[in-house]
1. Mean residue ellipticity at 222 nm from the helices of the chain, using -39,500 (n - 2.57) per DSSP H segment of n ≥ 4 over the full residue count, to the nearest 500 deg cm²/dmol?
2. For Cα pairs less than 8 Å apart in space and 6+ apart in sequence, what is the mean separation divided by the residue count of the chain, i.e. the relative contact order in percent?
3. State to the nearest 20 debye the size of the charge dipole of the stretch 20-108 about its Cα centre, where the only charges are +1 on K and R beta carbons and -1 on D and E beta carbons.
4. Taking amide H positions as placed in the peptide plane 1.01 Å from N, state which residues far from K3 in sequence (5 or more) or on other chains have amide H under 5 Å from it.
5. Given the C-alpha atoms of the stretch 98-203, compute the convex hull and give its volume per residue in Å³.
6. For the stretch 107-174, what is the relative contact order in percent, using Cα pairs closer than 8 Å and at least 6 residues apart in sequence?
7. Grab the Cα-Cα distance for D84 and S17, subtract it from 0.36 nm times how many residues apart they are, and report the gain in nm with one decimal.
8. So how strong a dipole does the chain carry about its Cα centre when Lys and Arg Cβ are +1 and Asp and Glu Cβ are -1, to the nearest 20 debye?
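Every number here is computed from the coordinates shown, using simple stated rules; none is lab data. Remember, predicted model here, so these are calculated numbers, not experimental data. Every residue, glycine among them, receives a Cβ derived from its backbone with ideal geometry; neighbour counts consider all protein chains shown.
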Amino acid sequence: MIKTSASLLACDLADISGELSRCKAANVDWIHFDVMDGAFVDQITYGSPVLKCVRRATDMFLDVHLMVNDPASQIKFFAEAGADLISFHLESRSDARKTLELIRSFGVKSALAVKPGTPIEEAFPLVELCDMVLVMTVEPGFGGQGFIPECMDKIKAVRTEIQKNGYKCELEIDGGAKLNNTADIVAAGADVIVAGSAVFGGDIAANVKGFHEVFKEGAAKAAWSK
Ligand code: DX5
Ligand code: ZN
């Protein structure tokens, strides 16, 4: 099943619990929690104390995306705050292999994120340690940007790598997913679609229903299946 992961970056942060309830009622699959440290990327968002409150407010699956220079030092905090999955960047300073193992040692799902400019093959030796690979389809740092079309080939390459080796690994894309490009993104191989502005802009229930419809369209066109 293809999943939506709603990025809280685009929600009304003064009403997180209301937004979480609306997401749940709209059948959003996961909640995407973007952590930025003002160093790996320019902005600063929110950290593990906020995640802890989100955890208390919902039983939904919490998909934490660390855009920070030193993710290894943060894993304990986010795992204890209630993350279900933690992704961090291959381009960060932490040792990727050790960090993936560290995440799993807390019983949390591990994921490696790759920026648009990084050759995706650099992630391949690590995919066996990943529960998910996150292909960034915009430059990390801001919500509301346009999908970078060149990333489509990366999605296909990761899907091929997963299928070829029989890995039990999900493939998430993050950035610029809209109703008009998501069928192609799914057909290319993604099975978790992060969407911020396209979920929280306007009516959440109608937006999510739209995504579930284009997922079916994309899956029907896909050359791969789970
Ligand atoms: C960007 C973040 C994304 C962002 C997606 O650095 O990682 O999760 O919130 O937002 P949209 O869907 O609006 O592109
Ligand atoms: Zn993200």
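1. On the way: 8 runs with 81 residues, N = 226.
Estimated from H runs of four or more residues: -10500 deg cm²/dmol.
2. Working: 456 pairs, mean separation 44.6, N = 226.
Result for the chain is 20 percent.
3. Details: 10 positive and 12 negative charges, 62 e Å.
Approximately 300 debye in magnitude.
4. Amide H to amide H, under 5 Å and 5 or more residues apart or across chains, K3 pairs with V192, I193.
5. Output value, Cα hull per residue: 115 Å³.
6. 37 percent
7. That works out to 22.3 nm of additional length.
8. I would put it at about 520 debye.
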